[in-house]
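Participant: Right, I'll just put the structure down here and ask away after.
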Amino acid sequence: MSAMADLLPRVPGPKLGPFTPTGEAKIKFISYLGSPYSENAYVWKVKINGKRYALKMFRFKTFQYLDQCHHSDRRPPLANRNMYAKYYDPFNCECRAYGRLKEEGREDLAVRAYGYLILSFDQQAEVAGKMGVRHSSLISASWGAHEEHRGLPVRAIVKELVTDDFGEDYPFAITEAQAPQVCSDLKGFHALGIRVGDIRESNYVRGKLVDLGRAWTMYHPGVMSCSSIRLSILRKAEARSLVKLFQRRNFAVPRALQACSVGDMKDMEVTSWDWRKDDGAVAHVDKQLYKTWSLGLFSAFLGMEALFTIIFMLFIWN
Ligand SMILES: Nc1ncnc2c1ncn2[C@@H]1O[C@H](COP(=O)(O)OP(=O)(O)O)[C@@H](O)[C@H]1O
Ligand SMILES: [Mg+2]
């Protein structure tokens, strides 16, 4: 019998629980919903215990990719590879963002997620087969697995199946009537300390955001190393992406977004951006996440202390 599944990811801060107590389930794969070009995940319409869901199954990401997500040239490096995975891997990004929505009772801001599942090897093989992978030696590669992912299971998130009736060009993504709600949802994300990171039409289904695979959810190293001005710029950029999206569709742009497109963020800007709320996560980030960085600071502090001691001794000497 399998052990009870943990909440994920295993770092302080928001997390997502398993869909079943063990994190495993019998899944009937019905049809593919996602884009054929997706690099992050395969989204399928599935049936679990007789009910229909959308199952987002995440492909593996290399350390090199996660390192780029961290913009390591501008941010202090993280303590180890595991930390990059915990904060930048799309599965963990979604778990943390959905966990945060649940924490604050704002699950209405996105398409509902009910929990994660771990796919058995047979399930991985079945999906790969349905996606046209004929040879068993290619199964693991079809999930993007490299040497560094050896032995790791494929992870998936069970979501509400909003629709399986897609036409061309995402006509069901957002309608004009939904535009004001979409705008206030984005503001809601920002107010909870979530930077969505991927505002585009294909990430909306019937006016709700569905893809949180690039979200930075407080307490997050990407955010911690940004100044408050830079954070405000990042929020503005997300609002502008919405403006562009609405303009392309010839929708009336909501007033708050319109103002933002000419640089006035008053209506879109939020004040409840309290990154230091979760003390456990703060301690973790400060003590473990930037190991080298905090050691560097510590030695700089020791250096300063030594300098002051020498000056003090010289002063006494005279
Ligand atoms: N819950 C859902 N209900 C219906 N369709 C969905 C759902 N989630 C995703 N999709 C479809 O799958 C596509 C890809 O999903 P997304 O989460 O954006 O993954 P990715 O971009 O990483 O492939 C969406 O554009 C949408 O067409
Ligand atoms: Mg997407």
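Participant: Against the condition free of Cβ contacts under 8 Å to residues at least 12 places away in the same chain, more than 15 Å from VAL11 (Cα to Cα) and acidic (Asp, Glu), how does ASP67 come out, does it pass?
Facilitator: Answer is no for this residue.
Participant: Select, from PHE298, PHE246, the only residue that is at pLDDT 65 or above, out of contact with any His (no Cβ under 6 Å at 6 or more places or on another chain), outside the structural domain of TYR84 (by TED's automatic domain parsing) and aromatic (Phe, Trp, Tyr).
Facilitator: None of the other options fit; the residue is PHE246.
Participant: If we keep just the residues of the stretch 110-143 that are in contact (Cβ under 8 Å) with a residue 40 or more places away in the chain and among the basic types (Lys, Arg), which is surrounded by the fewest Cβ atoms within 10 Å (Cβ to Cβ)?
Facilitator: Looking at residues that are in contact (Cβ under 8 Å) with a residue 40 or more places away in the chain and among the basic types (Lys, Arg), I get LYS130.
Participant: Turning to a different aspect of this structure: With ARG75, ARG81 as the choices, which residue is surrounded by fewer than 16 Cβ atoms within 10 Å (Cβ to Cβ) and in contact with a Leu (Cβ under 9 Å, 6 or more places away or on another chain)?
Facilitator: Within the list ARG75, ARG81, the selection yields ARG81.
Participant: For the structure I just gave you, tell me whether SER184 is polar (S, T, N, Q), part of a helix (DSSP H, G or I) and under 21 Å from PHE91 (Cβ atoms).
Facilitator: no
Participant: Going through VAL223, VAL162, VAL158 one at a time, which residue ends up being outside any loop (DSSP other than H, G, I, E, B), in contact with a strand residue (DSSP E or B) (Cβ under 6 Å, 6 or more places away or on another chain) and modelled with pLDDT under 95?
Facilitator: Sole residue among the options that is outside any loop (DSSP other than H, G, I, E, B), in contact with a strand residue (DSSP E or B) (Cβ under 6 Å, 6 or more places away or on another chain) and modelled with pLDDT under 95: VAL223.
Participant: While we're here: Which pairs turn up if I take residues in the stretch 209-238 that are under 19 Å from VAL11 (Cβ atoms) and free of Cβ contacts under 8 Å to residues at least 12 places away in the same chain and look for partners that are surrounded by fewer than 21 Cβ atoms within 10 Å (Cβ to Cβ) and among the aromatic types (Phe, Trp, Tyr) with beta carbon separation below 7 Å, at least 6 apart in sequence or on another chain?
Facilitator: none
Participant: Follow-up. From the set of residues in the stretch 202-251 that are more than 16 Å from ligand 2 (Cβ to nearest atom) and of a type in the set (Val, Ile, Thr), which is surrounded by the fewest Cβ atoms within 10 Å (Cβ to Cβ)?
Facilitator: Filtering first and then ranking leaves ILE229.
Participant: Still on this model: Among the residues of the stretch 29-58, count how many are within 16 Å of ligand 2 (Cβ to nearest atom), of a type outside the set (Phe, Trp, Tyr) and assigned to a loop (DSSP other than H, G, I, E, B).
Facilitator: 7
Participant: Continuing with this model, one more query. Exactly one of these conditions fails for ILE194: (1) within 22 Å of TYR116 (Cβ to Cβ); (2) without any contact (Cβ under 8 Å) to a residue 12 or more places away in the chain; (3) outside the structural domain of MET57 (by TED's automatic domain parsing). Give me its number.
Facilitator: Against the list (1) within 22 Å of TYR116 (Cβ to Cβ); (2) without any contact (Cβ under 8 Å) to a residue 12 or more places away in the chain; (3) outside the structural domain of MET57 (by TED's automatic domain parsing), ILE194 comes up short only on (2).
Participant: Here are the criteria: (1) touching a strand residue (DSSP E or B) at 6+ places or on another chain (Cβ under 6 Å); (2) within 16 Å of ligand 2 (Cβ to nearest atom). Tell me which single one ILE199 does not satisfy.
Facilitator: So the condition that ILE199 fails would be (1).
Participant: Quick one: ASP67 ticks every box in (1) farther than 30 Å from ASP164 by Cβ; (2) in contact with a Ser or Thr (Cβ under 7 Å, 6 or more places away or on another chain) bar one, so which box is it?
Facilitator: For ASP67, the failing item is (2).
Participant: Still on this model: Run down GLU107, GLU103, GLU94 and say which single residue is acidic (Asp, Glu), out of contact with any helix residue (DSSP H, G or I) (no Cβ under 7 Å at 6 or more places or on another chain) and either modelled with pLDDT of 95 or more or buried (at least 17 other Cβ atoms within 10 Å of the Cβ) (or both).
Facilitator: The conditions single out GLU94.
Participant: Would you confirm, using the coordinates I've provided, whether VAL196 is farther than 17 Å from TYR42 by Cα, buried (at least 21 other Cβ atoms within 10 Å of the Cβ) and modelled with pLDDT of 95 or more? Spell out how you get there, then give the answer.
Facilitator: Numbers: farther than 17 Å from TYR42 by Cα: yes; buried (at least 21 other Cβ atoms within 10 Å of the Cβ): yes; modelled with pLDDT of 95 or more: yes.
In short, yes.
Participant: Another one. Going through LYS61, LYS26 one at a time, which residue ends up being part of a loop (DSSP other than H, G, I, E, B), more than 8 Å from ligand 1 (Cβ to nearest atom) and surrounded by 15 or more Cβ atoms within 10 Å (Cβ to Cβ)?
Facilitator: From the options LYS61, LYS26, the qualifying one is LYS61.
The values are calculated or read from the model by the stated rules, or taken from the named source; none is laboratory data. The model shown is predicted, which means the values in this text are computed figures rather than measured ones. Neighbour counts are summed over all protein chains in view; Cβ atoms, including those assigned to glycine, are modelled from backbone coordinates with ideal geometry.
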